[in-house]
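Here is the structure we will look at, set down as structure tokens.
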Amino acid sequence: MFPEKIEAFLQKFERATVGHFPTPIEKLSGTFPASSGPNVYIKRDDCTGLGLGGNKTRKLEYLIADAMKRGYTTIFTTGGIQSNHARQTAAMAAKCNLDCELFLTPVAGTPERNYKDNGNVLLDELFGAKIRICEDEKQVDVRMEERAQELGADNVYIVPIGGSNPIGSLGYIRCAQEILEQSQQAGISFDAIVIATGSCGTQAGLVAGLEIAGVNTPVYGYCVSRDGDEQAGLVMELLERCSEEIGTPENPHRLSAL
Ligand SMILES: Cc1ncc(COP(=O)(O)O)c(C=O)c1O
């Protein structure tokens with residue numbers, strides 16, 4: 001395995017160094033009887049150190065660096081009303097002295113008061129973000145467009161839902177390097193990486209990063225939003241965009257790793 005190849009690949013991209021990295025890898029004890037079952041380790045990306053942590057810090061380090069390099073002053077993003085991604089985007093914008101507007105949509109069947117005013121919404125406001133509640137994703141697009149016109153389109157950088165585009169995926173390419181270095185240091189060889197997958201950037205970034213390092217550890221994604229075939233298709237699409245837009249290697253065997 002060659003984690004240094006990932007480091008060389010990432011050198012051409014700017015990164016806002018805000019998160020606390022590397023996050024630890026801890027062995028879970030007590031999950032299986034010691035003599036049966038696999039050893040399970042957890043990569044503590046809840047400890048990424050930005051606005052209560054979470055996996056979006058890694059993506060936002062590259063997305064916000066891109067926005068700043070290109071002179072944008074306002075960040076837009078979207079998600080559900082209690083979106084962790086929106087909360088982390090608001091924290092990142094505050095940290096980097098950028099304005100932030102969040103276009104949030106309700107999730108059906110959620111309780112009213114705390115859902116609308118508390119938790120991440122409260123944090124979004126404390127981080128100084130403006131919240132704009134939209135009925136659905138269609139309305140998000142319309143209102144973002146209108147608001148971008150008001151502010152001047154040249155000022156507005158749109159972070160996609162979940163921070164998942166090729167630039168955001170760089171964060172998880174870098175995470176692959178971190179995992180490989182930690183595995184070398186600890187003398188542990190991981191048989192598989194298992195993650196939650198939703199907007200796809202985490203899985204695409206890890207798969208692309210491992211490919212760059214010449215490692216074929218499978219990355220299994222578990223999705224609560226859609227079925228496996230549809231999700232695999234979306235991850236593949238993002239991997240293809242990564243090849244086109246940021247120059248990750250093309251690899252026809254990728255699907256076997258999903
Ligand atoms: C802890 C955690 N892991 C993984 C994911 C999925 O990441 P992605 O949206 O990049 O597919 C999420 C999504 O919010 C998450 O919160």
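Taken together, the values in this text are just the output of simple stated rules run on the coordinates, not laboratory data. Computed from a prediction, not measured in an experiment: that's the story for all the values here. Using ideal geometry, Cβ is built from the backbone for each residue, glycine included, and neighbour counts are taken over all protein chains shown.
With springs connecting C-alpha atoms under 10 Å apart, model the chain as a Gaussian network and identify which of S36, S243, S183 has the largest mean-square fluctuation. Ranking S36, S243, S183 by mean-square fluctuation puts S36 first. Fewest neighbouring Cβ atoms within 10 Å first, the residues V215, V107 line up as V107, V215. Summing Lys and Arg as +1 and Asp and Glu as -1 over all other residues whose Cβ lies under 14 Å from the Cβ of L63 gives a net charge of +4. Around the Cα centre of the stretch 104-207, unit charges on the Cβ atoms of Lys, Arg, Asp and Glu (plus for the first two, minus for the last two) sum to a dipole of about 100 debye. Checking every one of the trypsin sites (Lys or Arg not before Pro) in the stretch 131-223 against DSSP loop status and a limit of 11 other Cβ atoms within 10 Å picks out no site at all.
Across the chain, C-alpha contacts under 8 Å between residues 6 or more apart give a mean separation that, scaled by the residue count, equals a relative contact order of 19 percent. If you take the alpha carbon atoms of the stretch 89-149 and fit the smallest convex hull around them, that volume is 78 Å³ per residue.
The residues L122, L98, when put in order of fewest to most other Cβ atoms within 10 Å, stand as L122, L98. Here the chain is assigned +1 on the Cβ of each Lys and Arg and -1 on the Cβ of each Asp and Glu. Its dipole about the Cα centre then comes out at about 600 debye.
Normalise the Debye intensity by I(0) for the stretch 155-258, one equal point scatterer per Cα, no solvent, then take log10 at q = 0.11, 0.16, 0.19 Å⁻¹ and round to two decimals. These q points yield log10 I(q)/I(0) values of -0.31, -0.65, -0.90. Of P111, P218, P24, the residue with the greatest mean-square motion in the GNM of the chain, using alpha carbon springs below 10 Å, is P111. Span-like helix criteria (full DSSP H runs; alpha carbon extent of at least 20 Å along the helix axis; mean Kyte-Doolittle hydropathy of at least -1.0) are satisfied in the chain by 166-186, 228-246.
I need the GluC sites (Glu not before Pro) found in the stretch 110-147, filtered to DSSP loop residues with at most 16 other beta carbons within 10 Å of theirs. The qualifying sites are E112, E135. Of all the options N114, N216, N155, the one that moves most in a Gaussian network model of the chain with Cα springs shorter than 10 angstrom is N114. A Förster radius of 45 Å, combined with the Cβ-Cβ distance separating Q184 from E112, puts the computed FRET efficiency at roughly 0.35. When Rg and Dmax are taken over the Cα atoms of the chain, they come to 18.7, 63 Å.
Placing a pseudo-label 7 Å from each Cα along the Cα-to-Cβ vector at L122 and S243 gives an inter-label distance of 4.8 nm. Structure note, pairs K27/K56; K12/K116; K5/K56; K59/K138; K59/K130: Cα-Cα distances above 31 angstrom occur for K12/K116. Were the residues from F2 through K95 laid out at 0.36 nm apart, the gain over their Cα-Cα distance would be 30.2 nm. Positive contributions from Lys and Arg (+1) and negative ones from Asp and Glu (-1), summed over other residues with Cβ under 13 Å from the Cβ of R147, come out at -3.
Global dimensions of the stretch 56-163 from alpha-carbon coordinates: Rg and Dmax equal 13.1, 41 Å.
Basic side chains Lys and Arg get +1 at the Cβ, acidic Asp and Glu get -1 at the Cβ, and with that the dipole of the stretch 56-163 about its Cα centre reaches some 420 debye. Footprinting exposure proxy ranking of M92, M144, fewest other C-beta atoms within 10 angstrom first, gives M144, M92.
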